[in-house]
Amino acid sequence: MKRCLVRMDLGTRAKIKIVAGICALNRFSFAARLVSKITTTDLFLDRNSFLTVYFFASTIALMEDNKLKKVIEWTKEQLQKDVTVSKELHGDRSDVFKVSTPDGDYFLKVGDGLANEYERLLWLKDKLPAPKVIAFESIDGNDILLLSEMKGKNLKVLSKEWAAEKVVTKIAEAIRVFHNVDAAGCPFGVAKDGDVLIHGDASLPNFIFEGDNLSGYIDLGDMAIGNKETDFAAAIWSLQFNLGKGYGKMFLEKYGMRGVTEEGVERLRLKYEDMQDEWGLL
């Protein structure tokens, strides 16, 4: 296929990058891979592909801007305050925005399937520390979830500040507390022997600490009655991705598991990769 060098101004490049993020969120993995690696103003694409991506990016950028304006107006109505909204860098399957007001901060999630998280947060209230639901709505086909702020930093951020063993200890303790919650009457999942209440995506960014104390759990859309291994898998993958090999075994031992082997750790790590693949994140 004949290829050409397309030289773009910064505004054009920004629009192309916008479509990369949108494609990733909507699991258009091929299109996302096509445009997400742009780092200079030079983009090698065949001309038809460039024109298609540019047109798509321009159209989607305009649509997203209009949707975001509606979401911001809705947020103002819910809070009855002036707000400043900024996009958060986040690995969740939805867009996450920080909402700043004169009286404090909130977080706004926009995406598909947030009704799951809304329902779980309502059930979890007073059982574990988690964001408080301020409001929930569906606007233009997107779920909108407005949440209270959880004070502190997530463990992914803290993994750059704390000693590795401290990070491992804190996530093991936090997951053990989660698994020990009385799940009687939980409507999410069907209990089997040995099942507990699981987070569903127990990776480092989903545990918030203020100082040395657990502030709360976030991103709870996959919380359910289930096998502990689901949370073990996420924690191991996240620890070894952020800290390096060997910390998965340490995590399981600090949680209280016996007879841990590196083969078993690797099996769990790969299980989380399968989970991410199912979510469309790989």
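The values are calculated or read from the model by the stated rules, or taken from the named source; none is laboratory data. What you are looking at is a predicted structure, and each value in this text was computed from that prediction instead of being measured. Glycine also receives a Cβ, built like all others from the backbone with ideal geometry; neighbour counts cover every protein chain displayed.
Put simply, of Met250, Met257 the only residue that is aliphatic (A, V, I, L, M), outside any loop (DSSP other than H, G, I, E, B), more than 20 Å from the chain's Cα centre (by Cα) and on the phi < 0 side of the Ramachandran plot is Met250.
Thr230 fulfils the conditions (1) polar (S, T, N, Q); (2) more than 25 Å from Ser148 (Cβ to Cβ); (3) buried (at least 17 other Cβ atoms within 10 Å of the Cβ); (4) in contact with a helix residue (DSSP H, G or I) (Cβ under 6 Å, 6 or more places away or on another chain) except for a single criterion, (4). Among the residues of the range 178-197, those that are outside any strand (DSSP E or B) and surrounded by 12 or more Cβ atoms within 10 Å (Cβ to Cβ) comprise Phe178, His179, Val181, Ala183, Cys186, Phe188, Gly189, Ala191, Asp195.
Taken over the range 174-185, residues that are in contact with a helix residue (DSSP H, G or I) (Cβ under 9 Å, 6 or more places away or on another chain) and either hydrophobic (A, V, I, L, M, F, W, C) or in contact (Cβ under 8 Å) with a residue 12 or more places away in the chain (or both) amount to 6. Number of residues in the range 222-241 that are closer than 22 Å to Ser94 by Cβ and part of a helix (DSSP H, G or I) equals 8.
Restricting the search to strands (runs of 3 or more DSSP E) fully inside the range 92-161 and requiring at least 3 residues that are more than 17 Å from the chain's Cα centre (by Cα) and surrounded by fewer than 19 Cβ atoms within 10 Å (Cβ to Cβ) gives 133-139. Counting the residues of the range 126-151 that are touching a residue at least 12 places away in the same chain (Cβ under 8 Å) and on the phi > 0 side of the Ramachandran plot gives 1. Could we say that Phe188 is free of Cβ contacts under 8 Å to residues at least 60 places away in the same chain, within 26 Å of Pro129 (Cβ to Cβ) and in contact with a helix residue (DSSP H, G or I) (Cβ under 7 Å, 6 or more places away or on another chain) here? When the stated conditions are applied, Phe188 does not pass them.
Between Asn213, Asn180, the distinction of being more than 21 Å from Ile236 (Cα to Cα) and of a type in the set (S, T, N, Q) belongs to Asn213 only.
Determine, yes or no, whether Lys87 is more than 24 Å from Phe209 (Cα to Cα), modelled with pLDDT under 90 and surrounded by fewer than 16 Cβ atoms within 10 Å (Cβ to Cβ). Against the criterion (more than 24 Å from Phe209 (Cα to Cα), modelled with pLDDT under 90 and surrounded by fewer than 16 Cβ atoms within 10 Å (Cβ to Cβ)), Lys87 does not qualify.
Among the residues that make up the range 198-209, is at least one of them over 15 Å from the mean Cα position of the chain (by Cα), touching a residue at least 60 places away in the same chain (Cβ under 8 Å) and surrounded by 18 or more Cβ atoms within 10 Å (Cβ to Cβ)? No, every residue in the range 198-209 fails to be over 15 Å from the mean Cα position of the chain (by Cα), touching a residue at least 60 places away in the same chain (Cβ under 8 Å) and surrounded by 18 or more Cβ atoms within 10 Å (Cβ to Cβ). It is to be established whether one or more residues within the range 163-172 are over 19 Å from Leu239 (Cα atoms) and either in contact with a helix residue (DSSP H, G or I) (Cβ under 8 Å, 6 or more places away or on another chain) or outside the structural domain of Gly256 (by TED's automatic domain parsing) (or both). The answer is no; no qualifying residue exists.
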